[in-house]
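Take a look at the structure set out below.
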Amino acid sequence: MRLLLTVAAAALLAVGASACGEKQQVVVYKQGKYQGKPDGRPWDNDSPVAELRGGKWSKGDRTSWEEQIKNRQLAQHEHKRIYQ
Amino acid sequence: MARMKFLCDAERCIECNGCVTACKNENEVPWGVNRRRVVTINDGVVGAEKSISVACMHCSDAPCMAVCPVDCFYKTDDGVVLHDKDLCIGCGYCFYACPFGAPQFPQAGAFGLRGKMDKCTFCAGGPEPDRSEAEFQKYGRNRLSEGKLPACAEMCSTKALLGGDGDVIADIYRERVLRRGKGSEVWGWGTAYGPGAPGAKPPPQMQPQPQPAKKS
């Protein structure tokens, strides 16, 4: 009987102590997966026609497209555009 | 791999709203929707008035993507945050999540019915065939597929608004700040941590380096 009481008291203590524990309260976000339609990539298109005055690159060649875009970006740099 | 970003130089922006107009014109954005806008602080205070052009900043860890209940957002290989309007339910969660107020909702009717979300696409269109009429109607012009940068940045008269790969435009801005001898207190350290005391100088590592004399 005494043993039973001791075990019961220990179990009660363990349950009681567990209430003092701290639960993680920060929501862990799980990244969703895009559910929509697939999109094309800009370098998979032909270079635009002359009247659109876009860049020149080879269709499907990402490197040449990026080079074209980079030139376009550097055109925003007036120190390079004007003084050099 | 490029990570497309916008950067606005508050020292140069003259609040002309040319970027807003260029965006509306290029993408034929409906009435009441502004994908880009110019925000001015200390309006009318001499020497303290600053303007900055704001649109979607195409965040690396975009909160709009995180909260969207239908997962209609995606990120392109160039780091441009786009969404599928066919999937969008117009709930407005992205508007509450966005720190820049970028998502816009067209309103119509007597009760202001809210339409599907519309936002800056970095002139990269959306999930429709590139340069197609459907893409233009839903998302606007796809300038990236034409080898061009966003219209707002390319037509900015003072070149305050820069658009493109984050590394490239950061280099342009850095060189600009070094040449004019100020700027880090406008964008960066000073804005984040304050000058410390009135008239205080930024830490030594933030001060502009002397430029070598130019030959005439």
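Bear in mind these aren't lab numbers, they're just calculated from the coordinates by the rules spelled out. Nothing here was measured: the structure is a model prediction, and the numbers come from that model. Cβ atoms come from the backbone with ideal geometry, glycine included; neighbour counts cover every protein chain shown.
At-a-glance table
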read-out	value
Between 0 and 90°, nearest 10: helix A:2-18 axis offset from chain A longest Cα axis	30 degrees
Net +/- balance of residues flanking A:Ser58 in space, Cβ distance below 13 Å, scoring K and R +1, D and E -1	-2
For the stretch A:20-28, Karplus couplings with θ = phi - 60° (6.51, -1.76, 1.60), whole Hz, Gly/Pro x	7, x, 9, 8, 4, 9, 8, 5, 8
Range of Cα positions in the stretch A:41-84 per principal axis (Å), largest first	34, 24, 13
Proximal aspartates and glutamates to B:Lys182, defined as alpha-carbon separation beneath 18 angstrom and excluding residues fewer than eight positions away on the same chain	A:Glu78, B:Asp9, B:Glu11, B:Glu49, B:Asp171
Rg to Rh quotient for the stretch B:1-83, alpha carbon positions, Kirkwood Rh	1.04
Sparse-neighbourhood loop sites, chymotrypsin sites (Phe, Trp or Tyr not before Pro) in the stretch B:108-142 - DSSP loop, at most 15 other Cβ within 10 angstrom	B:Phe111
Which of B:Lys5, B:Lys119 has the fewest Cβ neighbours within 10 Å, and the rest in rising order	B:Lys5, B:Lys119
Alpha-carbon centroid distance for the pair the stretch B:104-167 / the stretch A:31-70, whole angstrom	15 Å
Net +/- balance of residues flanking A:Gly36 in space, Cβ distance below 14 Å, scoring K and R +1, D and E -1	0
Ranked list, fewest to most other Cβ atoms within 10 Å of each Cβ, for B:Glu15, B:Glu128, B:Glu28	B:Glu28, B:Glu15, B:Glu128
Nearby lysines by direct alpha-carbon distance to A:Lys37 (threshold 26 angstrom, same-chain neighbours under 8 apart not counted)	A:Lys59, B:Lys5, B:Lys24, B:Lys75, B:Lys85, B:Lys116, B:Lys119, B:Lys138, B:Lys148
